[in-house]
């Protein structure tokens, strides 16, 4: 198997024709594209998203506190790193059945983000954004584990 100029393994055509890999490839490309798009939208809209959660919580009368809007960009850079790493891992996993292992960092990322958001909901501010974020990321964690269990042996 050759190596492309980018360092990726070039994939023989017969890998793509496997029905189970084709399914995994579609899922991985959807994850890759959606996380890339969300990360790119998150750059200009990160404060708007938190403001939206605060307004929804207030208007609907939920018993949550307002989450202060971020005033600096230091930690923001790290959150973008996670988005783009998930995007790249999913893309890399989609390149060949030998790369399915690249799905593991996605599981790690979803575990860390969901558990930290829940931890911050308990220990920091009881904000709607924290609990919704934790719920959403936990859902993605469960889905990513399911995908991993279903397709991890594709290379066998």
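The values are calculated or read from the model by the stated rules, or taken from the named source; none is laboratory data. Just so you know, these numbers come straight off a predicted model, no measurement behind them. All Cβ positions, glycine included, derive from the backbone under ideal geometry; neighbour counts span all protein chains shown.
Can residue 109 be described as free of Cβ contacts under 8 Å to residues at least 60 places away in the same chain, in a helix (DSSP H, G or I) and either surrounded by fewer than 19 Cβ atoms within 10 Å (Cβ to Cβ) or touching a strand residue (DSSP E or B) at 6+ places or on another chain (Cβ under 6 Å) (or both)? Write out each step before concluding.
Values: free of Cβ contacts under 8 Å to residues at least 60 places away in the same chain: yes; in a helix (DSSP H, G or I): yes; either surrounded by fewer than 19 Cβ atoms within 10 Å (Cβ to Cβ) or touching a strand residue (DSSP E or B) at 6+ places or on another chain (Cβ under 6 Å) (or both): no.
Taking the combined requirement at face value, the residue does not satisfy it.
List every residue pair whose Cβ atoms lie under 9 Å apart, where the two residues are 6 or more positions apart in sequence or sit on different chains, the first residue falls within the range 43-58 and is free of Cβ contacts under 8 Å to residues at least 24 places away in the same chain and on the phi < 0 side of the Ramachandran plot, and the second residue, located anywhere, is loosely packed, with under 15 Cβ neighbours inside 10 Å and not in a helix (DSSP H, G or I).
47/69; 47/70; 51/69
Restricting to the range 115-148, what's the tally of residues that are closer than 22 Å to residue 69 by Cβ and either out of contact with any helix residue (DSSP H, G or I) (no Cβ under 9 Å at 6 or more places or on another chain) or not in a strand (DSSP E or B) (or both)? Don't jump to the end; show me each part of the working.
In the first step, residues of the range 115-148 are kept if they are closer than 22 Å to residue 69 by Cβ; the result is 116-137.
Then keep just the ones that are either out of contact with any helix residue (DSSP H, G or I) (no Cβ under 9 Å at 6 or more places or on another chain) or not in a strand (DSSP E or B) (or both); that gives 116-126, 128-137.
Number satisfying all stated conditions: 21.
Residues checked against (1) surrounded by fewer than 17 Cβ atoms within 10 Å (Cβ to Cβ); (2) at pLDDT below 95:
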residue	(1), (2)
20	yes, yes
25	no, no
83	no, no
101	yes, no
118	no, no
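Here are some residues: 119, 136, 74. Which one is under 20 Å from residue 43 (Cα atoms), free of Cβ contacts under 8 Å to residues at least 40 places away in the same chain and more than 13 Å from the chain's Cα centre (by Cα)?
Within the list 119, 136, 74, the selection yields 74.
Pick from the range 85-98 the residues that are assigned to a helix (DSSP H, G or I) and modelled with pLDDT under 95: which of them is surrounded by the most Cβ atoms within 10 Å (Cβ to Cβ)?
Here is the first cut: in the range 85-98, the residues assigned to a helix (DSSP H, G or I) are 85-95, 97-98.
Then keep just the ones that are modelled with pLDDT under 95; that gives 97-98.
Details: 97: 20, 98: 14.
This residue is 97.
When you scan the range 51-79, how many residues do you find that are surrounded by 12 or more Cβ atoms within 10 Å (Cβ to Cβ), at pLDDT 95 or above and in a helix (DSSP H, G or I)?
Adding up the residues that qualify gives 8.
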